[in-house]
Amino acid sequence: MGVTVDGRDEESNSTTVAVYKSRFRYNSPLVQVCLIGLVCFCCPGMFNALSGMGGGGQVDHTAANNANTALYTTFAVFGILGGGIYNILGPKITLLSACSTYVLYAGSFLYYNHYKHQSFAIAAGAVLGIGAGLLWAAEGAIMTSYPPPNRKGSYISLFWSIFNMGGVIGGLIPFFLNYHRSDAASVNDATYIGFMCFMFAGALLSLAILPPNKVVRDDGTRCSNIKYSKVSTEVTEILKLFLNWKMLLIVPASWASNFFYSYQFNNVNGLQFNLRTRGLNNVFYWGAQMVGSIGIGYLLDFSFNSRRTRGLFGIAVVALLGSGIWAGGFANQLNYSHSKLPEKLDFKDSGSGFAGPFVLYFSYGLLDAMFQSMVYWVIGSLADDSETLSRYSGFYKGVQSAGAAVAWQVDTHKVPLMSQLIVNWGLTTISYPLLIILVVFAVKDDNNSEQVTSKEANPVADGVAKTT
């Protein structure tokens, strides 16, 4: 019997590809998606917990709003450029440099807790925007290109669950550290230090991520045969995205997908609940995201045989659920405004008055995960190679961040709360028919797409069944 070396049997001289049975290999898509999930657990997961408290944990939201505006402005630029930078530098350098900026951002609020100078927080926000653009472009490429084509929904939901566990743990940090400070307005120093420790661990963990050409699926195919790109190539390909009809159809969904955060964090959680209850609410908000991502991931992978039908069904489910949740938000918003602020609710002392707003905030988290997982699934269905999907993901995050930059200033300028809600509801609603058009005309059914992508990923994969 011959020895197989680099996919070639030395005696028979026939081309073969080893079929890998274990999904828990270090170079398997499953392990790599789990690792990027843990990186995002530590960095953006903790950032989400910090932001979810409203005002970055401060009584005055101005510093956090201005920092977030700076953050999402640079994020919008580097989100779009991030895919090209990732293709040039690879995952390790890209992710390590990106994760380091999260530590700086949390540290800026520790500084603000003592000196009340927002300039450091704003500068740190701008730097974090650069890092976040790189991180999410890399994450998008890994999450959409590493998994097998017919299981992208499941891998996206797995990532989303691990990532949002960071928000759950991050919500417990301010809840426990400020539990006996029921009348406190700003979080204590230990809260920010705890966030910084997690973020630093995420930066170190990013060194474990493998480049796509070293990741091998269970059938022996590699995620990409291209190691690194060139600056000129990436500039050209990024510019083409602005004329790509597929990307243009995603623009409303991209803009909407982070636009609602300022409203939900500052004006639902921040205005209606006291400090310790906001921390508890975040535990359930990000926990709801885990539930939502698992649910929509199952529908997008297993509900029907046809990939296109699964996509259309998933969009319909999210559209119906989203309409109901936003309608509930509309009813809740009738009860208060900037000129008629509500009494702060506490999970222990407010009785039944706590239940309705709490369920609404939980539902917002559920919808967020389902909406974003759905959009990522659509993006992942448009191609299968890491290079293309890193650009698509970067474009998505860039437009998303531009919307978020506008949203945080909308809140700073005290736009009426009902107007904010209606705009958020309208933006998500507009995106559904456009995503349907994209799925109908651009997403191929499993049988055709899997054959094409397997051959593109590994030209000899067609011979695996015959020779192994």
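The values are calculated or read from the model by the stated rules, or taken from the named source; none is laboratory data. Quick caveat, the model's predicted, so the values are computed rather than measured. A quick note on method: Cβ atoms are made from the backbone with ideal geometry, for glycine too, and the neighbour counts reach across all protein chains shown. Side chains are part of the model used for accessible areas, which takes the heavy atoms of the whole protein and leaves out ligands, DNA and RNA. Shrake-Rupley method; radii C 1.70, N 1.55, O 1.52, S 1.80 Å.
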**Request:** Could you pull out every residue, at least 5 positions away or on a different chain, whose amide H is within less than 5 Å of the one on PHE273? Hs are placed 1.01 Å off N in the peptide plane, and Pro or chain starts have none.
**Result:** LEU345
**Complete:** Using a 1.4 Å probe on heavy atoms of the protein chains only, the accessible area for ASP445 in Å², nearest 10, reads 50 Å²
**Prompt:** What is the mean projected area of the alpha carbon convex hull for the range 41-137, to one decimal in square nanometres?
**Reply:** 5.5 nm²
**Item:** Whole-number percent relative contact order across the chain, with pairs defined as alpha carbons under 8 Å at least 6 apart
**Value:** 28 percent
**Computed [θ] at 222 nm, deg cm²/dmol, the chain (DSSP H ≥ 4; -39,500 (n - 2.57); rounded to nearest 500)** = -24000 deg cm²/dmol
**Request:** Report, in cubic angstrom per residue, the convex hull volume of the C-alpha atoms of the chain.
**Result:** 133 Å³
**Request:** Ratio to report: Rg/Rh of the range 133-280, with Cα atoms as the point set and Rh obtained by the Kirkwood method; give two decimals.
**Result:** 1.06
**Prompt:** Tell me, what is the 1.4 Å probe accessible area of PHE176, in Å² to the nearest 10?
**Reply:** 140 Å²
**When the range 26-228 is reduced to its Cα atoms, the Kirkwood hydrodynamic radius in Å** = 17.3 Å
**Message:** Explain nothing, just the number: relative contact order of the range 230-444, from Cα pairs under 8 Å at least 6 residues apart, as a whole percent.
**Reply:** 44 percent
**Request:** Could you work out the local net charge near GLY140, counting Lys and Arg as +1, Asp and Glu as -1, over the other residues with Cβ closer than 11 Å to its Cβ?
**Result:** +1
**Request:** Kindly count the pairs of lysines across the range 297-427 whose alpha carbons are less than 28 Å apart, treating pairs on different chains or eight or more residues apart as eligible.
**Result:** 4
**Item:** the range 87-92 - phi-based ³J(HN,Hα) in whole Hz, Karplus 6.51/-1.76/1.60, Gly and Pro as x
**Value:** 5, 8, 8, x, x, 5
**Prompt:** Looking at the range 230-444 from every direction and averaging, what is the projected area of its Cα convex hull in nm²?
**Reply:** 13.0 nm²
**Message:** Apply the Karplus curve 6.51 cos²θ - 1.76 cosθ + 1.60, θ = phi - 60°, to the phi angles in the range 382-388 and return the couplings in whole Hz, x for Gly and Pro.
**Reply:** 7, 7, 9, 9, 4, 5, 5
**Fill in**
Sequence order, the range 164-178: Karplus ³J(HN,Hα) from phi using 6.51 cos²θ - 1.76 cosθ + 1.60, θ = phi - 60°, Hz rounded, Gly and Pro as x, gives 6, 4, x, x, 5, 5, x, x, 5, 4, x, 5, 6, 6, 10
**Item:** Positive-end residue of ALA201, GLY220, ILE169, charge dipole of the range 26-228 with Cβ unit charges
**Value:** GLY220
**Asked** To the nearest 20 debye, what charge dipole does the chain have about its Cα centre, counting +1 at the Cβ of each Lys and Arg and -1 at the Cβ of each Asp and Glu?
**Response** 200 debye
